[in-house]
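Engineer: Take this structure, written in structure tokens, and hold onto it; I'll ask about it next.
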Amino acid sequence: MRINIKHIYLAVGLVLFGNLCELRAEINEFSAKVNGDIYGQVRVIDDVDGDGNKDIIFGGTDGKVHIFSSNGSEIFRPPYWPKQVDAPVTAGIEVTDLDGKGNPNILVSTMNGTVYCLNSKGKELWNYKTGGKILIAPPVVADLGGNEGKGIVVSSASGRVVLLTSDGREEMVFSSDHPVNATPVVADITHDGQKDILIKDNTGKISIYNRSGSAINEWFSGNYSTGASDWPFNIDVADINGDGIPEIFTTDPSNSNGTFKMWDNEGKLLSSFPITEAAHGAPKIADIDGDGIDDIIIAQCDGKVMVCDKNGKPKKGWPFENDYMIYSAPSIIDIDGDGNPEIVFTCNKSGNQGLQAGCIVALNSKGQMMEDYPKYIGKTIAPLTFADLDGDGTLEIIAAGGIGYTGPQLHVFKTKAKLKFKIVTIRQQTNFK
């Protein structure tokens, strides 16, 4: 009899994976009330309460950082959790390993403009004062390459965009004459092997800075009449035309409606087309219809979601239209496990009361509402988080809702989205999707 050793390794790997899952308690969907509203994206942190599952962490308008167990109850560890900071937290927080030693660091930005670094026990490791309010943009953690390790880029209403070292020291400052509420982007934009910093200030001025602090190129995306607005129109980069060099894109609210615009790294306009309203979240780039060509996905403020080519031609079934408002960028994920990407996002409707004030929407590749959606969660602004909380190989949706007493603020829903994981054997690595 011939024995397939690869199959034995695979079987052992699956048994071990199954035994690990048995050590965890399966979670149920829940909605939980929180002291204070949640405006920023909710994050996930490794098991704090010892139940074998990942936990949920976020900042609130009560000026505290909260951790909730995946069973829906808050974790109290006085005097550290919930952690009091110097002002309300309306930006998203970040959970990362700054020093590469396997210990999570929690980065929190407050409305007073203070950036805190905490460890998983809630102890403050350092703080940095930016000199301006931080309302929307979370801290951006970037691997700077070489021996530099991870850095932290923070924007604020002071107009100063600061690059901090992993231990909180100010390494570089990029200055604008106007507030910068948009989230900075860290990427090799100039294709020279070095990370650059891309900034869009509240007047629509776009700047690319290199690591020496010099502005490589600057231009205006439009003549904003809404320059003083707290809500930014975010910017991002992606290699849309396939030449290996990223393009820069955003939406522009300076005309009566809105415009999608895309440039090269020298500020040359490559594409521009009208939309009915600009988008606060930066457009996404993904192949939605499966034709092998990336599409542009724009979740507009007026509730319209457009999927189109780089010239603005809508794909079949798009745009999707409703009368809700969208404040954050959508997630592109196979939420039902059928192998096709879906577009999932939060939106809210002014004037609606209770849970009907906001919801989670999931659309298939043809622009149609998915089964079991929308899910009503009260007024909501933050992007969604997808994570496997209980280790069963499928992802949960973690959403912030209930702003302004419209319902519970923290929501967890099950999905059929699969977690990609790996089993490593002596001679073979098998990928599961």
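The values are calculated or read from the model by the stated rules, or taken from the named source; none is laboratory data. All values derive from a computational prediction rather than experimental measurement. All Cβ positions, even for glycine, are placed from backbone atoms using ideal geometry, and neighbour counts span all protein chains on display. The accessibility values were calculated without ligands, DNA or RNA, using every heavy atom of the protein model including side chains. Shrake-Rupley method; radii C 1.70, N 1.55, O 1.52, S 1.80 Å.
Engineer: Inspect the stretch 129-138 for any residue being modelled with pLDDT of 95 or more, crowded, with 19+ Cβ neighbours inside 10 Å and part of a strand (DSSP E or B) and give the result as yes or no.
Structural biologist: no
Engineer: Take the conditions within 16 Å of Asn322 (Cβ to Cβ), in contact (Cβ under 8 Å) with a residue 60 or more places away in the chain, of a type outside the set (Val, Ile, Thr) and surrounded by 16 or more Cβ atoms within 10 Å (Cβ to Cβ) and apply them to Gly367. Does it pass?
Structural biologist: Answer is yes for this residue.
Engineer: Being in a strand (DSSP E or B) and surrounded by fewer than 21 Cβ atoms within 10 Å (Cβ to Cβ) is the requirement here; does Val173 meet it?
Structural biologist: The answer is yes for Val173.
Engineer: Conditions first: (1) buried (at least 19 other Cβ atoms within 10 Å of the Cβ); (2) more than 19 Å from the chain's Cα centre (by Cα); (3) modelled with pLDDT under 95. Lys101 passes all but one, so which condition is the exception?
Structural biologist: (1)
Engineer: Step by step: first the residues of the stretch 24-55, then only those that are assigned to a strand (DSSP E or B) and under 21 Å from Gly358 (Cα atoms), then the one that is nearest to the chain's Cα centre (by Cα). Which residue is that?
Structural biologist: Step by step, filter the stretch 24-55, then rank; the result is Arg43.
Engineer: Taking the stretch 259-307 as the region of interest, how many residues are of a type outside the set (Phe, Trp, Tyr), under 22 Å from the mean Cα position of the chain (by Cα) and assigned to a strand (DSSP E or B)?
Structural biologist: The number of residues fulfilling the criteria is 13.
Engineer: Here is a follow-up. Counting only residues that are farther than 16 Å from Gly258 by Cβ and part of a loop (DSSP other than H, G, I, E, B), how many does the stretch 329-353 have?
Structural biologist: Within the stretch 329-353, residues that are farther than 16 Å from Gly258 by Cβ and part of a loop (DSSP other than H, G, I, E, B) number 14.
Engineer: On to the next question. Can you name the residue in the stretch 280-328 that is among the small types (Gly, Ala, Ser) and open to solvent by 50 Å² or more (accessible area, probe 1.4 Å) and is also nearest to Ile38 (Cα to Cα) among such residues?
Structural biologist: Gly290
Engineer: Only residues that are open to solvent by 40 Å² or more (accessible area, probe 1.4 Å), at pLDDT 95 or above and more than 20 Å from Lys414 (Cβ to Cβ): list them for the stretch 4-45, please.
Structural biologist: The answer is Lys33, Tyr39.
Engineer: A follow-up question, please. Mind counting the residues in the stretch 199-218 that are of a type outside the set (Asp, Glu) and assigned to a loop (DSSP other than H, G, I, E, B)?
Structural biologist: Residues in the stretch 199-218 being of a type outside the set (Asp, Glu) and assigned to a loop (DSSP other than H, G, I, E, B): 8 in total.
Engineer: Output the qualifying pairs, or none if there are none: Cβ atoms under 6 angstrom, residues six or more apart or on different chains, first residue in the stretch 314-329 and at positive phi, second residue open to solvent by 30 Å² or more (accessible area, probe 1.4 Å) and part of a loop (DSSP other than H, G, I, E, B).
Structural biologist: Between residues of the stretch 314-329 that are at positive phi and residues that are open to solvent by 30 Å² or more (accessible area, probe 1.4 Å) and part of a loop (DSSP other than H, G, I, E, B), the close pairs are Gly317/Lys366.
Engineer: Output the residues belonging to the stretch 64-78 that are open to solvent by 70 Å² or more (accessible area, probe 1.4 Å) and in contact (Cβ under 8 Å) with a residue 40 or more places away in the chain.
Structural biologist: Scanning the stretch 64-78 gives Asn71, Arg77.
Engineer: Take the residues in the stretch 79-98 that are within 22 Å of the chain's Cα centre (by Cα) and open to solvent by 30 Å² or more (accessible area, probe 1.4 Å), then tell me which one is farthest from Tyr39 (Cα to Cα).
Structural biologist: Among residues in the stretch 79-98 that are within 22 Å of the chain's Cα centre (by Cα) and open to solvent by 30 Å² or more (accessible area, probe 1.4 Å), the one farthest from Tyr39 (Cα to Cα) is Asp97.
Engineer: When the residues of the stretch 176-198 are narrowed to those that are open to solvent by less than 10 Å² (accessible area, probe 1.4 Å) and part of a strand (DSSP E or B), which ends up nearest to Ser221 (Cα to Cα)?
Structural biologist: Once the filter is applied, the top-ranked residue is Leu198.
Engineer: Do the conditions hold for Ser221, that is, is it farther than 19 Å from Pro383 by Cβ, touching a residue at least 24 places away in the same chain (Cβ under 8 Å) and crowded, with 20+ Cβ neighbours inside 10 Å?
Structural biologist: Yes: the conditions hold for Ser221.
Engineer: Still on this model: Please specify each residue of the stretch 139-160 satisfying the condition of being in contact with a strand residue (DSSP E or B) (Cβ under 8 Å, 6 or more places away or on another chain) and open to solvent by 20 Å² or more (accessible area, probe 1.4 Å).
Structural biologist: Val140, Val141, Asp143, Gly149, Lys150, Arg160
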